[in-house]
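Below: one structure, written as structure tokens.
The values are calculated or read from the model by the stated rules, or taken from the named source; none is laboratory data. Predicted model, so just to flag it, every value in this text is computed and none were measured. All Cβ positions, even for glycine, are placed from backbone atoms using ideal geometry, and neighbour counts span all protein chains on display. Surface accessibility is based on the protein's heavy atoms, side chains included, excluding ligands, DNA and RNA. Shrake-Rupley method; radii C 1.70, N 1.55, O 1.52, S 1.80 Å.
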Amino acid sequence: MPLSVILGETAYRDGVDIRPQDIFDYVERSGQLPKTAAPSIGEYEDFFRPYVEAGDTVIHFSISAKASSSCSYAQEAAKTFPGKVYVVDSKALSTGQGLLIMKAADLRDAGVSATEIVERVNALRPLVNTSFVPDRLDYLYKGGRCSRMAMYGANILKIHPLIEMEDGQLIPSKKYRGGMVKCIEQYIDDLAAKYPYYEKTRCFITHSMADETVVEAARKKVAEKFTFDEVLETVAGSVITGHCGRNTLGVLFIAKENA
């Protein structure tokens, strides 16, 4: 279920009829960030109904309830289909959510029941590393997530904050200084030190149309520091891009508490 991105008076469906470049063009032209909106409870009911009527059980994942009302609307809609629709608050964004969805698909393919899948992915949520490093703070400032002074200081001094997801909420953490390639390499070094144990099935390198030099540096450093079976590269959708701006990059995977 795509969230809506509103440019001026027109609403677009994220991933359907709007792309990140449209966001950049709009912000440059207007100086304003786009607005976003969640689907309504009725739209969620209409979305779930055909699957339930076909005899399927639905597990629906939403981005963090602390980031969007979409989760609570989906949960309310699920009450119309008791025992047939389960809504999971991923407590993540973008491919942090995607990691849980793909884990659920692995469990489904292994024959695990819907209720057990929901129980197991909910238990995994605190272990999902959702973090990213933005290039500039312009978009975060426009969105009210940092002060004007912090934005100017960071941009002038080439300071790039690490933003981490903790219990469904974005928290600024360590600050890196220098060019983006150097900062991304330091960021991935820090991830390797922080998470010595991790699920090796897959990892995401997700970015908002980042420069190829930045993405390539991330690829090389991930290959050097980790041993994932699969590294998937994705470009963040318009809703996420509209909050973080161009050239943001994150490396996301599921950690393990021990070997």
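If you go through the range 3-21 and pick out every residue that is open to solvent by 50 Å² or more (accessible area, probe 1.4 Å), within 24 Å of Ile63 (Cα to Cα) and either out of contact with any Pro (no Cβ under 8 Å at 6 or more places or on another chain) or among the β-branched types (Val, Ile, Thr) (or both), you end up with 6. None of Glu185, Glu164 is among the charged types (D, E, K, R), touching a helix residue (DSSP H, G or I) at 6+ places or on another chain (Cβ under 6 Å) and either over 29 Å from Tyr12 (Cα atoms) or surrounded by 14 or more Cβ atoms within 10 Å (Cβ to Cβ) (or both) except Glu185.
Within the set Ser69, Ser30, Ser64, the sole residue that is over 21 Å from the mean Cα position of the chain (by Cα) and not aromatic (Phe, Trp, Tyr) turns out to be Ser30.
In this entry, Leu3 passes the filter for residues that are of a type outside the set (Asp, Glu) and touching a Ser or Thr at 6+ places or on another chain (Cβ under 8 Å). Filter the range 93-117 down to residues that are small (Gly, Ala, Ser) and in contact with a helix residue (DSSP H, G or I) (Cβ under 7 Å, 6 or more places away or on another chain) and give me whichever is nearest to Ala54 (Cα to Cα). Step by step, filter the range 93-117, then rank; the result is Ala104. What do you reckon, is Gly178 on the phi > 0 side of the Ramachandran plot and crowded, with 22+ Cβ neighbours inside 10 Å? So Gly178 does not fit the description; no.
Restricting attention to the range 109-130, which residues are part of a helix (DSSP H, G or I), free of Cβ contacts under 8 Å to residues at least 12 places away in the same chain and either among the hydrophobic types (A, V, I, L, M, F, W, C) or surrounded by 14 or more Cβ atoms within 10 Å (Cβ to Cβ) (or both)? Explain how you work it out, then say what you get.
Residues of the range 109-130 part of a helix (DSSP H, G or I): 109, 114-127.
Still in the list and also free of Cβ contacts under 8 Å to residues at least 12 places away in the same chain: 109, 116, 119, 123.
Residue satisfying the conditions is Ala123 alone.
If you go through the range 50-72 and keep only what is within 29 Å of Pro20 (Cβ to Cβ), open to solvent by 30 Å² or more (accessible area, probe 1.4 Å) and either acidic (Asp, Glu) or assigned to a helix (DSSP H, G or I) (or both), you end up with just Ser72.
Collect the residues in the range 175-209 that are within 19 Å of the chain's Cα centre (by Cα) and more than 20 Å from Lys103 (Cβ to Cβ), keeping them in residue-number order. Once the filter is applied, which keeps residues that are within 19 Å of the chain's Cα centre (by Cα) and more than 20 Å from Lys103 (Cβ to Cβ), the range 175-209 yields Ile184, Tyr187, Ile188, His207, Ser208, Met209. In the range 239-259, the residue that is most open to solvent (accessible area, probe 1.4 Å) out of those that are assigned to a loop (DSSP other than H, G, I, E, B) and closer than 30 Å to Val5 by Cα is Arg246. The selection criterion, being out of contact with any Leu (no Cβ under 8 Å at 6 or more places or on another chain) and either modelled with pLDDT of 90 or more or β-branched (Val, Ile, Thr) (or both), holds for Thr10.
When Phe81, Phe47 are checked against the criterion of being assigned to a loop (DSSP other than H, G, I, E, B), more than 27 Å from Glu164 (Cβ to Cβ) and among the hydrophobic types (A, V, I, L, M, F, W, C), Phe81 stands alone in meeting it. What residue, of Glu212, Glu233, is surrounded by fewer than 22 Cβ atoms within 10 Å (Cβ to Cβ) and under 15 Å from the mean Cα position of the chain (by Cα)? Of Glu212, Glu233, the one residue that is surrounded by fewer than 22 Cβ atoms within 10 Å (Cβ to Cβ) and under 15 Å from the mean Cα position of the chain (by Cα) is Glu233. Taken over the range 28-49, the criterion of being charged (D, E, K, R) and buried (at least 18 other Cβ atoms within 10 Å of the Cβ) is satisfied by Glu45 alone.
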